[in-house]
Amino acid sequence: MKTKIRKKGVISLAVITVEHLSKNFKVKLKEKGLKGSIKSIIKPNYKIIKAVKDISFNIEKGEMVAFIGPNGAGKSTSIKMMTGILYPDKGEIRILGLDPKTQRKKLAYEIGCVFGQKEQLWTHLTPYDNFKFFGAIYDLPSSHVEKKIQEFIELFELEDFINTPVRNLSLGQRIRCEIVASLIHEPKVLFLDEPTIGLDPVVKENIRVLIKRMNKEYKTTVVLTSHDVSDIEKLCKRVIIVNKGQIVLDDSMENLKYHYLNKKIVEAKMKEAVNLEDQEGITILKDKGYNLKMEVDIKKKSIADAIKLLNPDNIVDINISNIPLEQIISSIYKDGEQE
Amino acid sequence: MLTEVKNQWKVTMLSIKYALQREMLNKVTFFSNIIFMMLNNACFIVQWIILYSLKNEVGGYSFKQILLLWGIAAGTFGVSHFFFKESYELSETINTGKLDAFLIQPKNVLLSCITSSVEVSCIGDMIYGWIMLFIYGFTLKNALLFAFFCITGGFILTSVAVIFASLSFWFGRVEIVANTINSLMTNFATYPEGIFKGFVKILFYTILPIGIVNFLPIQLLKDFNFSTFLIIIGVTILFIAVAFFLFYKGLKRYSSSNLMNVRV
C-alpha cells in the first residue's frame with residue numbers, strides 16, 4: 001500500500017505522495033452596481049485563480065505535519081484534493097498508494113477527516129449513537145464498534161457526556177467527539193483542518209493532548225492545518241508553509257526555529273532612562289524611558305554588546321527571549337508575498 | 001458487489017431512521033405536520049366535488065379516478081420528499097460546499113446526501129394516498145400496484161430533481177429552474193390526462209414525465225397491461241441512470257467552499 005520514495009539515496013516509506021499538484025478555479029468577475037450586474041449577465045468576464053501551483057511533497061508514516069499558510073494560500077484546497085473532495089487539474093496524489101481521484105471510496109476507509117468549520121455529527125443524537133452510525137458507514141461489525149467506543153471512552157475521557165445529545169455539548173466536547181468519530185475506523189492518515197478553531201485555551205490544550213495520544217497509540221499520520229501557532233508548535237515536528245498556492249517552506253520545526261531564531265527580544269527595566277536609537281543589528285521596538293524593548297540581530301550584534309549599550313549597572317531587570325514562532329511564520333508569509 | 005449494496009442499504013436506512021428520530025423530538029409538531037398535510041390535500045378535492053356535480057367526466061376521468069390520481073400524486077410526492085428530501089435541496093448543497101461531508105465517507109455520495117433528512121409532513125401525503133386508494137377500491141392487486149407505482153413515481157420525481165439540481169455543477173445557482181420543474185411535476189400531476197394535448201402531452205412523456213408517474217399508473221389500475229407496466233419500469237430505470245450519470249459527471253467539477261456549516 002505504501003509508496004517507496006527514493007530521496008537522496010535513502011528509501012523511505014511515504015504514506016502521502018504529492019507530485020506537481022495544481023488546481024485552478026474559474027471565478028466570474030462582476031463590476032460594482034446594477035450596471036455591473038447587467039454587464040456580467042450579457043458579457044461575463046472570468047478570472048482564473050491558481051489556487052494550488054505545482055506543489056510536491058511526501059509525508060511518512062506516523063509523521064505529524066503542519067500544513068499551514070495565510071487565508072487563501074491553497075492549504076484547504078490541497079487537503080480537499082488529498083481527501084478526494086476536489087479533483088486536481090494536474091499532478092499526482094497517492095495516499096497509502098491510493099489515488100483519491102479514482103479510488104475515493106477505498107481511500108475513505110483508510111483516512112479520517114475533521115473539518116473544524118464543518119460538523120459531521122448528528123446534533124440530536126448522542127456521541128454514542130453517532131459513533132455507532134459512523135461504524136455503520138465504515139461497515140464495521142456492531143461488536144467491534146462497541147469495543148472501540150469503550151476504548152475511546154477510556155482513552156479520551158468521554159464518559160461524562162457519551163450519552164448526552166451532541167447539541168447539548170460544549171464546543172470543546174463536540175470537537176473532541178468529532179475527532180473521536182473520525183477515528184472509529186482506525187484511519188491510517190488523519191486530516192485535521194483547523195480542529196481548534198473557536199475553542200478556549202484549556203479546551204485547545206485538551207484537543208492537542210488527544211491528538212498527541214492518538215498519534216502515539218495508533219501511529220496515525222496527521223496532517224494538520226491551523227492558524228493557531230501553539231497547535232503547530234506543540235504537535236508537529238515538520239512544517240509545510242504554503243502561500244499563494246506554492247510551498248514556500250518545507251522543513252522540520254527544529255530547523256525552522258534554528259534558522260529564523262537569529263533575532264532575540266531584549267526587554268529591560270532601567271534605573272535611569274536611556275535614549276537608544278536604531279542602529280545596525282538593533283531595532284528599538286518600545287522605549288518608555290525606564291522600560292525598553294529591542295530586537296537584536298545576533299548575526300550583526302552580540303547580546304553582550306547590546307547589553308553594554310544599556311550599561312549593565314543601570315539594569316534593574318532583564319528578559320531575553322526568542323522571537324515568537326507566530327512572528328516567524330508571519331514573516332515567512334510576508335516574504336512569500338513580496339516575492 | 002452484493003455486500004456493498006447491502007452495506008449501502010444499511011447506512012441509508014440508518015440515516016433515514018436517525019433523520020426521522022430528529023423530527024420526532026417535538027411530538028406536537030411531528031403529528032400536526034402529518035395531519036395538516038392530509039387536510040391540505042383534502043381541501044383540493046372540494047373543487048373536484050363541485051365540478052363533478054356538474055359533469056360525469058372530466059378529461060376522460062371519472063370522479064373516483066380523480067381521487068386515485070390525487071392518491072398517486074400524493075403517494076409519489078410523499079415517497080420522494082420523505083425518503084429523498086435532500087434531492088430538493090441538492091442545488092444549494094452543491095453551491096454551498098456541503099457535499100464535502102459525504103465525499104469523505106466510503107459510501108455513495110448521492111444516496112448519502114439525498115437521504116440525510118426527511119420531510120415529516122410527507123407521511124401525511126403517503127397516508128392520504130392510501131386513503132384515496134381505499135375510496136377508489138381496495139383489492140390486493142390494486143394495493144400492490146399502487147405501492148409499486150408510488151415507489152417508481154417517487155424514484156422518477158427524485159431523479160428529475162437530481163438531474164436539474166446537478167446542473168449547478170455547470171451553471172451555479174439553478175435553484176429557481178430546479179424548483180420550477182419540481183413544482184410543475186407536482187402541480188400538473190393532479191389534472192386528468194385528457195385535458196392535455198399536443199406538445200404539452202409530449203413533454204409529459206419525456207422531460208417532465210408526469211405521464212409515466214401518474215397517468216400510466218391510473219390506466220394500469222383500471223386495465224392492467226404488461227407492456228405498459230414494463231415501460232414504467234424501463235423509464236424509471238432510465239431516469240435513475242441519467243440522474244446518477246449527470247451527478248457523478250458534475251461531481252468532477254465540484255468546487256466545495258469554505259462556508260461554515262453544521263449538520264442539524
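Please treat every number below as a calculation from the coordinates, not as lab data. The shown structure was predicted, so the numbers you read here are calculated from the model rather than taken from an experiment. All Cβ positions, even for glycine, are placed from backbone atoms using ideal geometry, and neighbour counts span all protein chains on display.
Between B:Val177 and A:His20, the simple spin-label model (points 7 angstrom out along Cα→Cβ) gives 3.6 nm. For a quick check of your reading of the filter: which GluC sites (Glu not before Pro) in segment A:129-167 sit in a DSSP loop and have no more than 10 other Cβ atoms within 10 Å? Of the GluC sites (Glu not before Pro), the ones in loops of segment A:129-167 whose Cβ has at most 10 other Cβ atoms within 10 Å are A:Glu159. Where in segment A:269-292 is the amide nitrogen less than 20 Å from a point lying 7 Å along the Cα-to-Cβ axis of A:Ala304? It comes to A:280-282, nothing else.
Only alpha carbons enter this Debye calculation for segment A:152-247, each as an equal point scatterer, and the log10 of I(q)/I(0) it gives at q = 0.21 Å⁻¹ is -1.14. Quick one: go through segment A:262-285 and flag any residue whose amide nitrogen is under 18 Å from the point 7 Å out along the Cα-to-Cβ line of A:Asn291. Residues A:265-276, A:284-285 fall inside that zone. Principal axis extents of the Cα atoms in chain A, from largest to smallest and rounded to whole angstrom, are 74, 60, 55. Geometric descriptor of segment B:86-136, per residue, is 88 Å³ (volume of the convex hull of the Cα atoms). Quotient of the Cα radius of gyration of segment B:39-113 and 2.2 N^0.38 Å, N being its number of residues: 1.72. For segment B:78-93, putting each phi into the Karplus relation 6.51 cos²θ - 1.76 cosθ + 1.60 with θ = phi - 60° gives couplings of x, 4, 5, 6, 7, 7, 10, 3, 5, 5, 7, 10, 4, 4, 5, 4 Hz, in residue order, rounded to whole numbers and with x for Gly and Pro. Summarising the amide proton neighbourhood of A:Thr225: residues at separation of 5 or more, or on other chains, whose placed amide H is nearer than 5 Å comprise A:Phe67, A:Leu192, A:Asp193, A:Glu194. Amide H contacts for A:Ile16 (H built 1.01 Å from N in the peptide plane; partners 5 or more residues away or on another chain; cut-off under 5 Å): A:Ile59, A:Leu96. Counting only other chain Cβ atoms within 10 Å of each residue's Cβ, the peptide B:101-113 averages 5. Here the calculated FRET efficiency for A:Ile41 and A:Thr102, from their Cβ-Cβ distance with R0 = 41 Å, stands at 0.65, rounded to the nearest 0.05. Under 13 Å from the Cβ of A:Arg104, count the other residues' Cβ atoms, weight Lys and Arg +1, Asp and Glu -1, and hand me the total. Result for the neighbourhood of A:Arg104: +3.
The string of couplings for segment B:157-170 from the Karplus curve (6.51, -1.76, 1.60, θ = phi - 60°) is 4, 5, 4, 4, 4, 5, 4, 6, 5, 5, 4, 4, 4, 9 Hz, one whole number per residue in order, with x for Gly and Pro.
Stretched out straight at 0.36 nm per residue, the stretch from A:Ser56 to A:Gln327 would grow longer than its current Cα-Cα span by 95.0 nm.
For segment A:249-306, the spread of Cα coordinates along the three principal axes comes to 45, 18, 17 Å, biggest extent given first.
Spread over its residues, the convex hull of the C-alpha atoms of chain B is 144 Å³ per residue. Where only DSSP H runs of four or more residues are counted, chain B gives -23000 deg cm²/dmol as its mean residue ellipticity at 222 nm, each run worth -39500 (n - 2.57).
Our coupling estimate for segment B:104-113, obtained by passing each phi through the Karplus curve with A = 6.51, B = -1.76, C = 1.60 and θ = phi - 60°, is 8, 9, x, 10, 5, 4, 5, 5, 4, 5 Hz, Gly and Pro reported as x. Using only Cα coordinates, the Kirkwood hydrodynamic radius of segment A:84-154 works out to 14.3 Å. Taking amide hydrogens as placed 1.01 Å from N in the peptide plane, the amide H of A:Leu249 sits under 5 Å from those of A:Ile241, each at least 5 positions away in sequence or on another chain.
Inter-chain Cβ neighbour count for A:69-82, averaged per residue, equals 1 (cutoff 10 Å, partner chain atoms only).
Projected onto its three principal axes, the C-alpha set of segment A:205-339 covers 57, 36, 22 Å, listed from the longest axis down. Size estimate for segment B:135-264 follows the Kirkwood approach: the inverse of mean 1/r over distinct Cα pairs works out to 16.4 Å.
Translational diffusion coefficient of the protein assembly as shown (Stokes-Einstein, Kirkwood radius from Cα pairs, 37 °C, 0.692 mPa s): 116 µm²/s. A compact globular protein would have a Cα radius of gyration near 2.2 N^0.38 Å; the ratio found for segment A:23-108 is 1.45.
Taking the charge dipole of the protein assembly as shown about its Cα centre, with +1 at Lys and Arg Cβ atoms and -1 at Asp and Glu Cβ atoms, the residue from B:Leu216, A:Thr102, A:Phe191 reaching farthest to the positive side is B:Leu216.
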